[in-house]
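Colleague: Dropping a structure here in structure tokens format, bear with me for questions.
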Amino acid sequence: MALFGLLLLAAIAALVSNRSKNAPFPEEARLLATEGVAENASWQPVIRAVSGLDMALVPAGCFVMGATDEQLVEAQDSCDAYYGAFGCSRDFSDEQPAHEVCISAPYWIGLTAVTNRQYGSNSGPGSGSMRRQPNWPRETVTWAQADEFCRARGLRLPREAEWEFAARGPDALIYPWGNVYDIELATLRKISPAPVGERPAGASWVGALDMAGGIAEWVTDWYGPYPAGSVTDPTGPLSGELRVARGGDWFAHAAFLVRTTFRQPLAPAYATTSVGFRCAGDFAPSTP
């Protein structure tokens, strides 16, 4: 697994280097992205700058969204071990039913969460005394602020299904790197967020970084129950009171908190040092 991570990091570095040299967009990647993939290994990361942000291309495809019964047993065990005598009060039922989701068209997703440098400022007063760095994820941001940032660049927040597909792929991995928890691959800290991209070996199958830990990330969807059957390009409930954040956060020091299926329902106005965002965007087949 460590060797895979190093190879993936090298591939990402090469792709970013090629991007900076205005390399032609690989035609085989364009075709495969549009046709779709049936397994993670069929795809090699494609990284480009889109609207000033480094983005990873996610091909079309189908996957199982949500957790199986067996996966929830493991999550419950992790939660019980984490809380010990205090008891685990987390209800994981909102991760079910596990159901097939098909993504009909390729799309871009941020290589990392949006940083302080990209956002243009650090988080505001009342968010602690941390000395924030330009390459830390921008946190203490509401859903509306995250949405506005992405839209101002012709982008958008990812849909919840898009976020999960970019994190786990057709193989429906429990963690971005595989099905076995490894604390060394999750982006974790104890007193502050980590710089983005700190754990490249934990990248997802499309090359997206920090999708387990790092910062909890707003997605477009209103929070609600999953459908029971197969769906294509789901957008979530039409309305609601809570939005969804994905990916755990920098203080999520337990396996159950950084699984690719983990959901956090949050009030849209909620803002704290553990919540940020990454942008997404539609893929134009004519990309040069």
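Colleague: For region 221-250, how many residues are closer than 27 Å to Ser192 by Cβ and within 16 Å of the chain's Cα centre (by Cα)? It would help to see each step written out before you state the result.
Modeller: Taking region 221-250 first, the residues closer than 27 Å to Ser192 by Cβ are 242-250.
Imposing the further condition that a residue be within 16 Å of the chain's Cα centre (by Cα) reduces the set to 243-250.
Of the residues in region 221-250, 8 are closer than 27 Å to Ser192 by Cβ and within 16 Å of the chain's Cα centre (by Cα).
Colleague: Taking Val141, is it β-branched (Val, Ile, Thr), modelled with pLDDT of 95 or more and in a loop (DSSP other than H, G, I, E, B)?
Modeller: So Val141 fits the description; yes.
Colleague: Which one of these is modelled with pLDDT of 95 or more, assigned to a helix (DSSP H, G or I), surrounded by 19 or more Cβ atoms within 10 Å (Cβ to Cβ) and touching a helix residue (DSSP H, G or I) at 6+ places or on another chain (Cβ under 6 Å): Ala75, Ala67?
Modeller: Ala75
Colleague: For region 226-273, which residues satisfy the criterion of being polar (S, T, N, Q), modelled with pLDDT of 95 or more and either touching a Phe, Trp or Tyr at 6+ places or on another chain (Cβ under 7 Å) or surrounded by 14 or more Cβ atoms within 10 Å (Cβ to Cβ) (or both)?
Modeller: Of everything in region 226-273, those that are polar (S, T, N, Q), modelled with pLDDT of 95 or more and either touching a Phe, Trp or Tyr at 6+ places or on another chain (Cβ under 7 Å) or surrounded by 14 or more Cβ atoms within 10 Å (Cβ to Cβ) (or both) turn out to be Ser239, Thr260, Thr261, Gln264.
Colleague: May I pose another question? Got a sec? Which of Ala203, Ala186, Ala152, Ala166 is of a type in the set (Gly, Ala, Ser) and either within 15 Å of Gly276 (Cα to Cα) or surrounded by fewer than 23 Cβ atoms within 10 Å (Cβ to Cβ) (or both)?
Modeller: It is Ala152.
Colleague: Can I ask one more? For region 160-207, give me the residue count where each residue is assigned to a loop (DSSP other than H, G, I, E, B) and closer than 15 Å to Val37 by Cβ.
Modeller: 9
Colleague: Please work out which one of (1) in contact with an Asp or Glu (Cβ under 8 Å, 6 or more places away or on another chain); (2) within 14 Å of Gly110 (Cβ to Cβ) is the condition Asp171 fails and give its number.
Modeller: (2)
Colleague: Among the residues in region 102-117, are any without any contact (Cβ under 8 Å) to a residue 24 or more places away in the chain, more than 16 Å from Ala280 (Cβ to Cβ) and either assigned to a loop (DSSP other than H, G, I, E, B) or aliphatic (A, V, I, L, M) (or both)?
Modeller: No: region 102-117 contains no residue that is without any contact (Cβ under 8 Å) to a residue 24 or more places away in the chain, more than 16 Å from Ala280 (Cβ to Cβ) and either assigned to a loop (DSSP other than H, G, I, E, B) or aliphatic (A, V, I, L, M) (or both).
The values are calculated or read from the model by the stated rules, or taken from the named source; none is laboratory data. If you're wondering where the values come from, they're calculated on a predicted model, not measured in any experiment. Don't worry about glycine lacking a Cβ; one is built from the backbone with ideal geometry, like all the others, and counts go over all protein chains shown.
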